[in-house]
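These notes concern the structure reproduced below.
Nothing in this text is a laboratory measurement; each read-out follows from the coordinates by a stated rule. Keep in mind it's a predicted model, so treat the numbers as computed, not measured. Cβ: placed from backbone, ideal geometry, glycine included. Neighbour counts: every protein chain shown.
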Amino acid sequence: MSLINLWVKDGYLSTPDGNSIYFWGFSKSENGPAQLPGPHMVVTQGETVTVNLYNTLSEPVSISFPGQTGVTVEGQPVQPQYSAGRLVSFVNHAEPGDMVSYTFTATHPGTFIYESGTNPHVQIPMGLYGGMVVRPADYDPNVKEYKTAYGTGTDTEFDREYLLIMGEIDPDLHQAVEEGRSYLISKYMPRYWTLNGRCAPDTMLMDNMDHLPHQPYSSMIMAQPGEKVLIRYIGAGIGNHSLHPHGNHTRIVGMDGRLLRNGNVDLSYKRFTVLVGPGQTYDQIYQWDGLGYTPENPIPITLPNLRNMGIGNVGWTMWSGSPYLGVKGDIPKGVTSFNEFGEYYFMLHSHKEPQITNWGEFPGGMMTMIAIYPSLSPDVGILT
Ligand SMILES: [Cu+2]
């Protein structure tokens, strides 16, 4: 049994262009900060999950759990809430200063969204969403065949795992809510696009940066050659996001919390770009294998001279200065390289290019990197 306590509060998000944006978010503790996205819920198939929601806002708030069945409040199935004949919430809510307790059994492994079911066209874009991972009943992170997304024998083994939740921000909505002004939702116009609540390049910073107290989750994907990397996507905004990683296709093994398999027929498929729509989730396995070229087994072409290459025209680069994994080389004068150990970087981003900007400034937005390291700590890329 899992008991999860969440507090709904307000706070301010930071964007890389220096903006500070009022938002609503879930917090893990009574005195902790609201965060975007909400705390990851990681539970196990078959487990009874209770989520207590404490509302500190001045309007009703609820959580709906798309993909979960049999959600109850005080022993009764959740049901729509009305006030003076008007729909207020899809499910039971907590009034300001009050709490509501949801209980359900997580029946299916996979990736799920949780989000506000109250005034959702405002509360979800304001930040009231998060991700839930349901582990298969036989999950065991210490045994290779049992470290899977959907259970042993489902061909969903992974070495490392990452959760990326997509969202958008229209600062006008957030400012209107902060100032208690009305806002025409038909004028919704995002200026920022987020992965795990952050805009690039902040997406590539580590978890729990001191200067991003409301945006604790990194979107940096790190792995070694040949490893199976489970990438979970959740679409929490209202836009469609055509995400793709460079370096290789991903194999989509699950959608909306269901394994892509019909009996013994494997329905998984490889894609270059995955279009993530609102409320959708995807589970994918990404594997990168190099060609094995090393300084001892050199690439069979003459490498261009440094002065003939365009490197870091914005003043910085992720490149090591060498084409070989694990080797660092020369970088042009005046360019800063953020490469650590000769690792390779492959961009992962939205192919809707306006979504890789921060209020019109490129690069930014819905973009991160996949870093392939020559060696990497086993602790990296574990969701807890
Ligand atoms: Cu691309």
First measure r as the distance between the Cβ atoms of Tyr269 and Thr384, then evaluate 1/(1 + (r/R0)^6) with R0 = 30 Å and state the FRET efficiency to the nearest 0.05.
0.50
Search the structure for amide H atoms under 5 Å from the amide H of Ser337, placed 1.01 Å from N in the peptide plane, and list their residues when 5 or more places away or on another chain.
Thr317
Rounded to the nearest angstrom and ordered from largest down, what semi-axes does the equivalent ellipsoid of segment 328-380 get from its C-alpha gyration tensor (root of 5λ)?
25, 18, 8
Kindly put Ser337, Ser218, Ser20, Ser2 in sequence by how many other C-beta atoms sit within 10 Å of each C-beta, fewest to most.
Ser20, Ser2, Ser337, Ser218
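Return a whole-number percent for the relative contact order of the chain, with Cα pairs under 8 Å and 6 or more residues apart as the contact set.
Answer for the chain is 15 percent.
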Between Ser375 and Met99, what is 0.36 nm times their sequence separation minus the Cα-Cα distance? Round to one decimal in nm.
94.7 nm
Rounded, prolate or oblate for segment 260-370? Axes are the square roots of the Cα gyration tensor eigenvalues, ordered a ≥ b ≥ c, and the cut-off for rounded is a/c under 1.5.
oblate
Could you give the distance between the Cα centres of segment 102-121 and segment 275-344, to the whole Å?
39 Å
For the chain, how big is the tail of P(r) above 35 Å, as a whole percent of Cα pairs?
28 percent
Using Cα pairs closer than 8 Å and at least 6 residues apart in sequence, work out the relative contact order for segment 79-234, in percent.
19 percent
Write out the trypsin sites (Lys or Arg not before Pro) in segment 316-384 meeting two conditions: DSSP loop, and at most 13 other Cβ atoms within 10 Å of their Cβ.
Lys333
Note to self, the chain gives a 222 nm [θ] from helices alone (DSSP H runs n ≥ 4, -39500 (n - 2.57) apiece, / all residues, nearest 500) of -500 deg cm²/dmol
Rel. contact order, % - alpha carbon contacts under 8 angstrom, at least six apart, segment 185-306:
25 percent
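How do Arg198, Arg135 line up, fewest other C-beta atoms within 10 Å first?
Numbers: Arg198 28, Arg135 23.
With the fewest neighbours first, Arg198, Arg135 line up as Arg135, Arg198.
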Longest segment of the chain lacking GluC sites (Glu not before Pro) that sit in a DSSP loop with at most 13 other Cβ atoms within 10 Å:
180-295
